[in-house]
C-alpha cells in the first residue's frame, strides 16, 4: 500500500495563508508546533490527494492514528509528534481530533448548513489553536476566543478556495441551505466568473465569518505570552482584511490571498492594534464597533455589482477573442457622486 509520505504535496509551513511557528513564536516552542504542523500537513495531503481511492486514504489516516497512539511506527510524522507530546507532557487529543476532520474530508463532500460546517471546524481548525495554547501553557479560558478565530480562518479558506475545492476534489464547503436561498446549484462554482447569486452567497458567508472575528477580537489580550499574543493579533488582522476582500472580490476570477508585498502594511496595522490593546489606556464604557457592522458600512452593494458586471464583460470579450473594450463600454458601472464644493 502507498504510504502517506508518497502522497506529499510538497507544501510547507511557509506556504500557508497564515503564520505557522513564525519568528514571533519563542524559539523553544517552535519544534512542537512544527511537529504538529508536519503531522497535519501529511494527513491533509492524504485527504486531498486527487488520485488515491477513499479506502486507501482512510487506511493511511488509520496508520497515522496508530503511530500516534504508539501502536506502530509506520508514520514518521506521527512518531515525531508522539515523541514531542511525551517530551512536553501534552495530550494527544488535539491531533486525534484533527484526524477526524481529515476522515470527513474523505467521506463527506457537502455541508447542509452553517452549524454542520462549524462542527467540521470543531475538528479541522479549533484543535490547531488549542494545541498552540497548550504548548505555551495558556489557560483554557482562552479556548472560546481561539475557537472563534480558528473557525473564521477555516471559513475564509473555504470561501477563497471554493472553486478549486469543487473543481479538484468535488468538495463543497459552502452550506447548501445558503445556496438554495439563492436558487443556486453547486455547479455554479465551475463558472469562470461568479454569478450575482453566488456573490450573494459568498457575501452572506463572509458576514457570518465577520461575526466569528468579532468574538475572537479579545483573544490576543487574553494571552499571557506576549509573543504569542502578537502573532494572534497579526492573524486577526489578516483574517479581517481577507473577509473585507471577500465582499468585493470574486474568488472564481480574482485573487483574494495576500501578496507578500502587502504584508508590511498589515503587520504594522497589527502591531498598532497590539500596542493599543496592551499599552494604551482603558476606555471604560466605550466599546469598539463590531467588525461585522463596520463591514456593512464599507461594503456598497452598488459598487460590488459594478465589479461583477465588469468581470462578466471582460470574460465575454475574452471569449470572443477581441479587445476588452474601451471606456465607452463601461457606462453600466455605477457612477460615484461628486462632492460639490
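Just checking, does the stretch 33-49 include any residue being more than 21 Å from the chain's Cα centre (by Cα), in the same structural domain as residue 85 (by TED's automatic domain parsing) and without any contact (Cβ under 8 Å) to a residue 60 or more places away in the chain? Within the stretch 33-49, not a single residue is more than 21 Å from the chain's Cα centre (by Cα), in the same structural domain as residue 85 (by TED's automatic domain parsing) and without any contact (Cβ under 8 Å) to a residue 60 or more places away in the chain.
Let's see how each residue does on (1) at negative phi; (2) modelled with pLDDT under 95; (3) part of a loop (DSSP other than H, G, I, E, B):
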| position | (1), (2), (3) |
| --- | --- |
| 133 | yes, no, no |
| 149 | yes, no, no |
| 159 | yes, no, no |
| 174 | yes, no, yes |
| 197 | yes, no, no |
| 220 | yes, yes, no |
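Checked against the criterion of being in contact (Cβ under 8 Å) with a residue 60 or more places away in the chain and either part of a helix (DSSP H, G or I) or assigned by TED's automatic domain parsing to the domain that holds residue 179 (or both), the candidates 105, 115 yield just one match: 105. Whether a residue is without any contact (Cβ under 8 Å) to a residue 40 or more places away in the chain, in the same structural domain as residue 118 (by TED's automatic domain parsing) and crowded, with 23+ Cβ neighbours inside 10 Å was assessed, and residue 150 passes this test. Selection of the stretch 50-70 for residues being free of Cβ contacts under 8 Å to residues at least 40 places away in the same chain and not in a loop (DSSP other than H, G, I, E, B) yields 55, 62, 65, 66, 67, 68. Determine, yes or no, whether residue 229 is modelled with pLDDT under 95, buried (at least 19 other Cβ atoms within 10 Å of the Cβ) and within 30 Å of residue 142 (Cα to Cα). Here the answer is yes, as residue 229 does meet what is asked. Looking at 270, 276 in this structure, which one is modelled with pLDDT under 90, out of contact with any helix residue (DSSP H, G or I) (no Cβ under 6 Å at 6 or more places or on another chain) and assigned to a helix (DSSP H, G or I)? Answer to the selection: 276. Across the stretch 156-192, the qualifying residues are those that are without any contact (Cβ under 8 Å) to a residue 60 or more places away in the chain and under 19 Å from the mean Cα position of the chain (by Cα), and the one among them that is surrounded by the most Cβ atoms within 10 Å (Cβ to Cβ) is 158.
Within the option set 73, 97, being in contact with a helix residue (DSSP H, G or I) (Cβ under 6 Å, 6 or more places away or on another chain) and assigned to a loop (DSSP other than H, G, I, E, B) holds for one residue only, 73.
The test for being assigned to a helix (DSSP H, G or I), within 21 Å of residue 253 (Cα to Cα) and over 16 Å from the mean Cα position of the chain (by Cα) does not hold for residue 205.
The values are calculated or read from the model by the stated rules, or taken from the named source; none is laboratory data. Keep in mind the model is a prediction, meaning the values are calculated, not measured. Note that we place each Cβ from the backbone using ideal geometry, even for glycine, and neighbour counts take in every protein chain shown.
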